[in-house]
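K.L.:
Structure incoming, see below.
The values are calculated or read from the model by the stated rules, or taken from the named source; none is laboratory data. For clarity, every value in this text was computed on a predicted model and none was experimentally measured. For neighbour counting, all protein chains shown are included, and Cβ atoms are generated from backbone atoms with ideal geometry for every residue, glycine included. Ligands, DNA and RNA are stripped out before the accessible areas are found, and what is left, the full protein with its side chains, is counted by its heavy atoms. Shrake-Rupley method; radii C 1.70, N 1.55, O 1.52, S 1.80 Å.
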Amino acid sequence: MKLSPHALELAQTLVRMNTVSDQSNLELIHFIRDHLARLGVKSRLTFNADKTKANLFATLGEGKSAGVILSGHTDTVPWDGQDWSMDPLSALVKDDRLYGRGSADMKAFIGIAVSHAEQFLNSHAPFAIHLAFSYEEEIGCFGVKELIADLRDANIKPLACIVGEPTSMVPAIAHKGVYRYKCCVRGKEAHSSLTPHSVNAIEMAARVVGRVRDMAEDFEKNEPRFEGFDVPFSTTSVGQFHGGIADNVVPRDAEFRYEFRDLPTANAAQMQSEVVAYAKSLEPRMKQVAPAAGFSFETICEIPSFLGSKDDPVTRLAQALSGEKSTTLVAFGTEAGLFKNAGISTVVCGPGSIQQAHQPDEYVSLEQLGRCEAFMQGLARTTAIG
């Protein structure tokens, strides 16, 4: 399946734009908006608070019945400190691969979708094709929440959604959730020779960290398995810990960050409630020494798990278009759970492998991009979903 020059050129153009999550994505969004405008297509943009980033939603086939969303995120992870053999924004094509940050995750999918806009417009399919491109997926799926809210407010009700994350073009019907939190501990400082007059924030934090570890071991030992995942049970881990100013000062403050990756059959809110309840159980003794002592929690991100079905019409559609008879589960989080929770039947299917995503010399093979283009061409010819 040979990739067309037009599709490759659009994918390269997007890869060359720096849209690391802490940067603006407006160059890319405006490029796509203008490209669609030349075809007579209007785009809906929804912005972040300071209007430095935007989501784009566009309908190809206005007036048709509820359509199929092609969804992708425009932001990428950074490459600081990674050992690249080329400019991460070069979009170099070499050895039948497209290299560059975001090539696999997931600008090539977006570029190929946009390159087929005219085909979608001229399609005889009875449903529309919607393009939905978001910001800040990599740091918490923040943009797509605004996009989905905008669709709800505008009474736009898509029938199905295909999230083009890299699955090697094998439709994925489930992934775990990603829930991250920050815990801040306030104690009372004192000279380390006077510990009874203090509340050691690090030691209090460590008790809660220990509880998080106990939960991880309990998941591994007792949680019912969800076969198909590399790790078939929920996990939790602490990723950062900070506290203290000197060896001879009992620390007043400590902070740590932790995450849950919950199975689609698990309850992440209940997991977090257990951590908070345990922390609060430690507070009475802390407050006996220092009334202001205690714990506070902050939500970093909440990305719900996703559970579709091999029997969903959108899954069968993705199988037919990709030529894949099987389905898969993926370990990484996507926006699929948010679309599913909004009542939109969803599947994850896109070119490239997650093994290359976020890596130095990230790439996607031209063979995979050719398969993705065939997928888009087939979608334009589709007469029914499922």
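K.L.:
Specify which of the listed residues (T315, T346) is assigned to a helix (DSSP H, G or I), at negative phi and within 23 Å of the chain's Cα centre (by Cα).
P.N.:
Going through T315, T346 in turn, just one is assigned to a helix (DSSP H, G or I), at negative phi and within 23 Å of the chain's Cα centre (by Cα): T315.
K.L.:
Go through (1) among the polar types (S, T, N, Q); (2) open to solvent by 40 Å² or more (accessible area, probe 1.4 Å); (3) within 21 Å of P264 (Cα to Cα) for S234 and report which single condition fails.
P.N.:
All conditions are met except number (2).
K.L.:
Hey, D22 hits all of (1) under 18 Å from the mean Cα position of the chain (by Cα); (2) closer than 21 Å to A374 by Cα; (3) loosely packed, with under 15 Cβ neighbours inside 10 Å; (4) not small (G, A, S) but one; which does it fall short on?
P.N.:
Evaluating D22 over (1) under 18 Å from the mean Cα position of the chain (by Cα); (2) closer than 21 Å to A374 by Cα; (3) loosely packed, with under 15 Cβ neighbours inside 10 Å; (4) not small (G, A, S) leaves (2) as the failure.
K.L.:
Report yes if F226 is over 23 Å from E298 (Cα atoms), among the hydrophobic types (A, V, I, L, M, F, W, C) and touching a residue at least 12 places away in the same chain (Cβ under 8 Å), otherwise no.
P.N.:
So F226 fits the description; yes.
K.L.:
Cβ-Cβ below 8 Å, separation at least six or inter-chain, first residue in the stretch 298-326 and under 20 Å from G228 (Cα atoms) and open to solvent by 40 Å² or more (accessible area, probe 1.4 Å), second in a loop (DSSP other than H, G, I, E, B) and hydroxyl-bearing (S, T, Y): which pairs?
P.N.:
From residues that are under 20 Å from G228 (Cα atoms) and open to solvent by 40 Å² or more (accessible area, probe 1.4 Å), the pairs are L307/T265; K310/T327.
K.L.:
Can you go through E217, E274, E255 and tell me which one is closer than 30 Å to N200 by Cα, in a strand (DSSP E or B) and among the charged types (D, E, K, R)?
P.N.:
E255
For every residue, the table says whether it meets (1) at pLDDT below 95; (2) over 19 Å from the mean Cα position of the chain (by Cα); (3) open to solvent by 40 Å² or more (accessible area, probe 1.4 Å); (4) within 30 Å of T195 (Cβ to Cβ).
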| position | (1), (2), (3), (4) |
| --- | --- |
| E223 | no, yes, no, no |
| I245 | no, yes, yes, yes |
| E259 | no, no, no, no |
| D262 | no, no, no, no |
| A269 | no, no, yes, no |
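K.L.:
Hey, another quick one. Of the residues in the stretch 53-84, how many are open to solvent by less than 50 Å² (accessible area, probe 1.4 Å), modelled with pLDDT of 95 or more and not basic (K, R)?
P.N.:
The qualifying residues number 18.
K.L.:
Related question: Out of the residues in the stretch 191-212 meeting the condition of being open to solvent by 20 Å² or more (accessible area, probe 1.4 Å) and among the small types (G, A, S), tell me which one is nearest to K287 (Cα to Cα).
P.N.:
The residue in question is A206.
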